[in-house]
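Have a look at the structure below, then the notes.
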Amino acid sequence: MKTIFGPVHSRRFGVSLGIDLSPSHKQCNFDCLYCELAPAATVDHQETVVSVEEIITELKTALKEHQNIDEITLTANGEPTLYPHLDQLIDEIDTIKGDKETLILTNSATLVDKEVFNTLLKLDQVKLSLDAVTPDIFKKIDRPHPDLNIDEVVDAVIAFSKVYKGKLFVEILFVRGLNDTEEEIKALNDVLADVNALRIDIGTIDRPPAYPIEGISYGELHTIATQFDASLPINIASRVHAEFSQSSYTDEEIINTLDKRPLTPEDVEILFDKESKNRLLALVEEKKVKIIERAKLEFYIPAENIQRKRKKS
Ligand code: SF4
């Protein structure tokens with residue numbers, strides 16, 4: 001069974017070789033409304049398991065062929081942390097990965113298991129999904145295995161972020177009419193204030209979902225981004241629905257907008273009209289706006305904002 005795929009190029013994570021820890025079929029403890037895979041009953045363990053030896057043999061061959069990658073990404077048709085030999089697999093990857101980093105894309109739920117929690121501490125990068133933090137919305141969007149409790153998952157996510165030494169990313173996927181309400185965003189904001197994440201990516205449905213649901217527009221994502229606390233490292237990750245019309249911003253409006261929410265060059269491309277883009281470039285030349293790098297992405301941020309944050313720290 002082929003477990004290695006890619007290299008995959010991603011704006012947020014660079015170039016990576018993927019490892020599919022459930023190559024034959026979907027094995028997941030969630031059955032998310034937005035899943036790209038067909039709906040399937042949830043499971044709390046894998047029934048069909050690939051051997052570590054098979055994965056490592058394929059990975060060695062792929063690493064020889066693709067030397068210019070940034071990461072080796074553990075993923076699955078389903079939830080990769082359900083793979084029962086994950087700890088051993090990571091140890092073996094560490095012996096052959098050289099200067100590449102390991103990354104896992106997980107739905108966070110198995111962090112409540114102490115063994116999984118400790119195993120994930122070994123990775124260079126972890127991306128945790130957290131679509132909702134209230135029981136009702138969590139059940140509606142992620143359709144979790146009945147044994148899972150969102151309060152326990154949230155506690156585990158916060159605890160993990162406090163002890164994890166690698167690069168931690170959080171991702172929230174917004175579904176119209178479910179987690180895009182003011183109440184859920186506030187609840188998410190309160191939890192995320194306690195999570196030490198390098199970057200929080202917010203997105204929406206970019207591919208055909210398992211169930212008939214709707215994503216939200218780029219404009220709505222942008223509004224949601226401003227509802228989170230300005231100190232949170234929010235990044236708008238979906239641009240598929242970027243039909244947002246370009247607007248004109250004065251110098252002052254540019255500074256105020258960036259003060260509320262730093263923007264990437266891609267955001268500026270969508271939101272600013274031509275004259276406003278030129279005004280932004282002039283502000284960069286005048287050193288009133290700076291470009292900072294945060295976890296591989298560039299952001300425009302007011303220079304004074306940087307100074308204020310420095311004074312605080
Ligand atoms: S966690 Fe991922 S694989 Fe599992 S149902 Fe949700 S989107 Fe699909």
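The values are calculated or read from the model by the stated rules, or taken from the named source; none is laboratory data. If you're wondering where the values come from, they're calculated on a predicted model, not measured in any experiment. Ideal geometry is used to build each Cβ from the backbone, glycine not excepted, and the neighbour counts take in all protein chains shown.
Could you check, for the range 62-84, whether at least one of its residues is assigned to a loop (DSSP other than H, G, I, E, B), small (Gly, Ala, Ser) and away from the ligand (no atom under 14 Å from the Cβ)?
no
When we screen ILE216, ILE172, ILE185 for residues that are touching a residue at least 40 places away in the same chain (Cβ under 8 Å) and either in a loop (DSSP other than H, G, I, E, B) or touching a Lys or Arg at 6+ places or on another chain (Cβ under 6 Å) (or both), the only hit is ILE216. The number of residues in the range 117-166 being within 16 Å of the ligand (Cβ to nearest atom), assigned to a helix (DSSP H, G or I) and surrounded by fewer than 20 Cβ atoms within 10 Å (Cβ to Cβ) comes to 2. Identify the residue in the range 246-266 that is surrounded by fewer than 18 Cβ atoms within 10 Å (Cβ to Cβ) and charged (D, E, K, R) and, among all such residues, is modelled with the highest pLDDT. If we take residues in the range 246-266 being surrounded by fewer than 18 Cβ atoms within 10 Å (Cβ to Cβ) and charged (D, E, K, R), then ASP251 is modelled with the highest pLDDT. Evaluation of ASN29 against the conditions (1) within 13 Å of the ligand (Cβ to nearest atom); (2) touching a strand residue (DSSP E or B) at 6+ places or on another chain (Cβ under 7 Å) shows that the sole unmet condition is (2).
The residue of the range 1-34 that is surrounded by the fewest Cβ atoms within 10 Å (Cβ to Cβ), among those that are assigned to a loop (DSSP other than H, G, I, E, B), in contact with a Gly (Cβ under 9 Å, 6 or more places away or on another chain) and not polar (S, T, N, Q), is HIS25. Taking the range 267-298 as the range and being at pLDDT 85 or above, surrounded by 14 or more Cβ atoms within 10 Å (Cβ to Cβ) and within 23 Å of the chain's Cα centre (by Cα) as the test, only VAL268 passes.
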